[in-house]
Amino acid sequence: MIEDFAQGHRHPDIVILTGAGISRESGLSTFRDADGIWSKVRIEDVATPEAFARDPDGVHAFYNERRRGMAGGAVAPNAAHEALARLEHEWPGAVTVVTQNIDDLHEKAGTGNLIHMHGEMLKARCEDCGHVVHWAGDMGRGDSCDACASIGAMRPHVVWFGEMPLEMERIYGLLDRCGLFLSIGTSGNVYPAAGFVQHVRRRRVARTVELNLEPSEGASLFAEAEYGPATEIVPAFVERLLEGK
Ligand code: BJW
């Protein structure tokens with residue numbers, strides 16, 4: 001670490017990468033845990049552009065069911081989301097949450113400085129013209145685009161395997177400037193997010209911390225780690241950070 005801290009930058013910019021584990025205690029499934037989404041459906045059937053081209057109805061059905069579970073406000077942010085929103089508001093430096101999650105729990109908790117690198121469940125995108133629009137109901141092949149009127153081209157605004165995650169240039173810019181990189185509730189299986197810690201470590205000036213239920217795939221790459229449920233370890237970590245400990 002931590003030259004940033006040691007050199008007197010007591011409140012360096014913070015980048016926080018979050019994954020499905022932070023929303024688990026709000027009732028949303030993770031992907032790779034024993035009861036996770038990928039234990040019930042195959043990635044190749046629902047989370048690739050090829051799957052959507054082959055079976056749009058099947059892919060729409062998968063996302064419609066998950067969207068129904070989230071729309072209507074039944075899913076609420078938990079203490080971990082709330083602690084990160086508090087950090088953003090109370091930390092004197094910049095705090096940015098880069099989430100792999102497509103749920104809206106960070107924004108519901110009050111996080112404003114937020115990048116959804118894998119897209120958002122409650123948005124649709126037109127494959128023909130790229131128009132992105134809020135979408136809370138079911139989506140299907142009969143839907144048309146508000147902007148170009150194309151029918152059948154609306155798709156979930158999410159990033160599937162083989163597609164480029166969103167806002168990567170901005171994210172790497174933030175990683176290049178941060179003095180603390182926190183990774184919360186992610187298994188470290190999916191790139192490029194899984195490579196962020198190595199990117200930050202190359203600079204040798206930033207503190208890297210993993211907060212997860214158990215050691216992730218890339219746990220050994222972090223200088224520090226704490227393990228336990230997000231609703232316990234994230235608020236405690238934020239509290240210590242704000243107290244300067
Ligand atoms: C708790 C907890 C509690 C539980 N408290 N913690 C070889 C072949 C093919 C492709 C590749 C390849 N090698 C690399 C790639 C690239 C590929 C990739 O990474 N594949 C790997 C599988 C190897 N990546 C991509 O394709 C990405 N794009 C890309 O690389 O573009 C570049 C490019 C493009 C084109 C040409 C050339 C280059 C895109 C990846 C898109 C991922 N999309 C998904 C679906 C999004 C929509 C949806 O939700 O349906 O994103 S997959 C899924 O995984 C989702 C998640 O965001 C992502 C990460 O999962 P996450 O969040 O880590 O969840 P889990 O379940 O894995 O882990 C949960 C963790 O929480 C666990 O550790 C638990 O212990 C913990 N936990 N309860 C705290 N209470």
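Miscellaneous remarks
- Within the range 26-44, being surrounded by 18 or more Cβ atoms within 10 Å (Cβ to Cβ) and outside any loop (DSSP other than H, G, I, E, B) holds for Ser26, Ile37.
- Inspection of the range 147-162 finds no residue satisfying the criterion of being more than 13 Å from the ligand (Cβ to nearest atom), modelled with pLDDT of 95 or more and closer than 20 Å to Glu107 by Cα.
- Subset of the range 50-81 [of a type in the set (Val, Ile, Thr) and under 27 Å from Leu213 (Cα atoms)]: Val75
- Going through (1) buried (at least 18 other Cβ atoms within 10 Å of the Cβ); (2) more than 22 Å from Gly27 (Cβ to Cβ); (3) not acidic (Asp, Glu) one by one, Met164 falls short only on (1).
- Criterion: in contact with a strand residue (DSSP E or B) (Cβ under 8 Å, 6 or more places away or on another chain), outside any loop (DSSP other than H, G, I, E, B) and at pLDDT below 95 - qualifying residue of Ala80, Ala71: Ala71
- Of the listed requirements (1) at positive phi; (2) over 17 Å from the mean Cα position of the chain (by Cα); (3) of a type outside the set (S, T, N, Q); (4) open to solvent by less than 50 Å² (accessible area, probe 1.4 Å), Gly244 misses just one: (4).
- Residue ID - nearest to the ligand (Cβ to nearest atom), chosen from residues in the range 84-100 that are open to solvent by 10 Å² or more (accessible area, probe 1.4 Å) and closer than 29 Å to Tyr191 by Cβ: Gln100
- Top-ranked residue of the range 91-114 - restricted to ones that are touching a residue at least 40 places away in the same chain (Cβ under 8 Å) and part of a loop (DSSP other than H, G, I, E, B), ranked as farthest from His157 (Cα to Cα): Pro92
- Selection within the range 205-223 - more than 17 Å from the chain's Cα centre (by Cα), closer than 23 Å to Glu90 by Cα and modelled with pLDDT of 95 or more: Arg207, Thr208
Here's the yes/no breakdown for (1) near the ligand (Cβ under 7 Å from one of its atoms); (2) not in a helix (DSSP H, G or I):
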position	(1), (2)
Glu169	no, no
Asp176	no, no
Thr186	yes, yes
Glu226	no, yes
Ile233	no, no
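- For the range 188-213, the set of residues classified as without any contact (Cβ under 8 Å) to a residue 12 or more places away in the chain and within 13 Å of the ligand (Cβ to nearest atom) consists of Tyr191, Gly195, listed by residue number.
- Single unsatisfied condition, Glu88 versus (1) outside any helix (DSSP H, G or I); (2) free of Cβ contacts under 8 Å to residues at least 40 places away in the same chain: (1)
- Subset of the range 214-241 (residues that are touching a residue at least 12 places away in the same chain (Cβ under 8 Å), more than 16 Å from Ala83 (Cβ to Cβ) and open to solvent by 40 Å² or more (accessible area, probe 1.4 Å)): Glu214, Pro215, Glu217, Leu221, Ala223, Glu224, Ala225, Tyr227
The values are calculated or read from the model by the stated rules, or taken from the named source; none is laboratory data. Computed from a predicted structure; not experimentally measured. Virtual Cβ from ideal backbone geometry, glycine too; neighbours counted across all protein chains shown. Accessible surface is based on the protein model in full, side chains and every heavy atom, while ligands, DNA and RNA are left aside. Shrake-Rupley method; radii C 1.70, N 1.55, O 1.52, S 1.80 Å.
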